[in-house]
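These notes concern the structure reproduced below.
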Amino acid sequence: MITVIANLKGGSGKSTVAFNLALWLMSRGEDVVAYDLDPQRTLSDVARVRSDDEIMPVLEVNIPADIDVKQSLNNHSCHVLVDVGAANLTAMKAAISIADRIIVPVQPSQPDVWATQRFLKIIKDACENGNDPELVAFINRADTHHAVRESDEAEQALTMLEKFRIIPNRLCQRTDFRRTLSEGLSIFELAGKGKGADEFERFASALYPGLKKLDMRQ
């Protein structure tokens with residue numbers, strides 16, 4: 001299954017989601033291959049930190065040439081996770097054109113909602129070959145204070161976008177999520193008993209409801 005984590009807006013947290021989702025799947029015994037098609041190479045960098053620190057399991061991250069994207073992604077029978085942004089629009093369109101699912105992290109702001117709406121046009125154009133991927137959106141870096149309404153308003157706006165399935169399991173703006181990238185550890189390895197780990201467990205389980213639930217607090 002090819003899952004593309006993408007967004008037109010920079011700083012949406014897609015690399016954090018891709019990294020943690022890959023390790024969540026691996027913790028359940030699933031085979032995972034990741035692709036980093038973003039020129040910033042954040043996913044590659046965090047995988048290298050993990051490898052340098054000899055943290056197991058190793059996350060394999062590939063960086064194919066733009067011309068080889070489709071062939072490379074189709075060359076696997078396992079879970080394929082693709083981190084890509086608009087900075088590499090050619091690779092983004094290539095990945096979308098063969099994706100089974102596209103996950104769009106959306107920060108709680110009106111510009112991010114507008115960007116998501118425009119992203120639909122890119123998806124439509126990239127899928128002119130007849131591909132019809134599942135489209136999933138969710139609020140990332142959500143506000144943690146109950147009195148702040150931007151996350152609720154952004155999620156409500158997303159429900160009005162055509163074809164998107166909205167996952168109500170938000171990931172909040174937490175220091176632990178930022179630390180996963182700097183330390184090469186998943187949110188479960190870093191803070192197995194924290195709120196961030198609980199949030200990600202609910203989020204990932206909503207994406208993969210058929211996978212067994214583990215006690216990540218141990």
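Quick grid of which residues meet (1) under 13 Å from the mean Cα position of the chain (by Cα); (2) not acidic (Asp, Glu):
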{"residue": "VAL4", "(1), (2)": "yes, yes"}
{"residue": "LEU25", "(1), (2)": "yes, yes"}
{"residue": "VAL32", "(1), (2)": "no, yes"}
{"residue": "ARG41", "(1), (2)": "no, yes"}
{"residue": "ASP52", "(1), (2)": "no, no"}
{"residue": "MET56", "(1), (2)": "no, yes"}
{"residue": "VAL69", "(1), (2)": "no, yes"}
{"residue": "ASN88", "(1), (2)": "no, yes"}
{"residue": "VAL113", "(1), (2)": "no, yes"}
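Just a yes or no: is a residue in the stretch 107-122 of a type in the set (Phe, Trp, Tyr), in contact (Cβ under 8 Å) with a residue 24 or more places away in the chain and outside any strand (DSSP E or B)? Checking the stretch 107-122: at least one residue is of a type in the set (Phe, Trp, Tyr), in contact (Cβ under 8 Å) with a residue 24 or more places away in the chain and outside any strand (DSSP E or B). Within the stretch 187-205, being touching a strand residue (DSSP E or B) at 6+ places or on another chain (Cβ under 9 Å) and either of a type in the set (Gly, Ala, Ser) or not in a helix (DSSP H, G or I) (or both) holds for one residue alone: GLY196. Which ones in the stretch 193-209 are exposed (fewer than 15 other Cβ atoms within 10 Å of the Cβ) and either closer than 20 Å to ALA47 by Cβ or modelled with pLDDT under 85 (or both)? Listed by number, the list holds a single entry, LYS193. Among the residues making up the stretch 159-178, those that are assigned to a helix (DSSP H, G or I) and either charged (D, E, K, R) or in contact (Cβ under 8 Å) with a residue 40 or more places away in the chain (or both) are ASP176, PHE177, ARG178.
For the stretch 160-186, the candidate set comprises residues that are aliphatic (A, V, I, L, M) and touching a strand residue (DSSP E or B) at 6+ places or on another chain (Cβ under 9 Å); within that set, the residue that is farthest from ILE55 (Cα to Cα) is LEU161.
When THR175, THR159, THR144 are checked against the criterion of being touching a Cys at 6+ places or on another chain (Cβ under 8 Å) and β-branched (Val, Ile, Thr), THR144 stands alone in meeting it.
A residue that is surrounded by fewer than 16 Cβ atoms within 10 Å (Cβ to Cβ), in contact with a strand residue (DSSP E or B) (Cβ under 9 Å, 6 or more places away or on another chain) and assigned to a helix (DSSP H, G or I) occurs nowhere in the stretch 128-138.
Within the stretch 74-105, the set of residues being touching a residue at least 60 places away in the same chain (Cβ under 8 Å) and among the basic types (Lys, Arg) comprises ARG101 only.
For the stretch 27-41, residues that are surrounded by 16 or more Cβ atoms within 10 Å (Cβ to Cβ) and in a loop (DSSP other than H, G, I, E, B) total 4. Suppose the filter is touching a strand residue (DSSP E or B) at 6+ places or on another chain (Cβ under 6 Å), of a type outside the set (Lys, Arg), within 17 Å of ILE5 (Cα to Cα) and in a helix (DSSP H, G or I); does ALA91 pass it? Judged against the criteria, ALA91 is a match. Suppose the filter is under 17 Å from LEU73 (Cα atoms), among the hydrophobic types (A, V, I, L, M, F, W, C) and in contact (Cβ under 8 Å) with a residue 40 or more places away in the chain; does VAL33 pass it? Yes; evaluated as a whole, the condition is true for this residue.
The values are calculated or read from the model by the stated rules, or taken from the named source; none is laboratory data. No experiment lies behind these values; they were computed from the predicted model shown. Note that we place each Cβ from the backbone using ideal geometry, even for glycine, and neighbour counts take in every protein chain shown.
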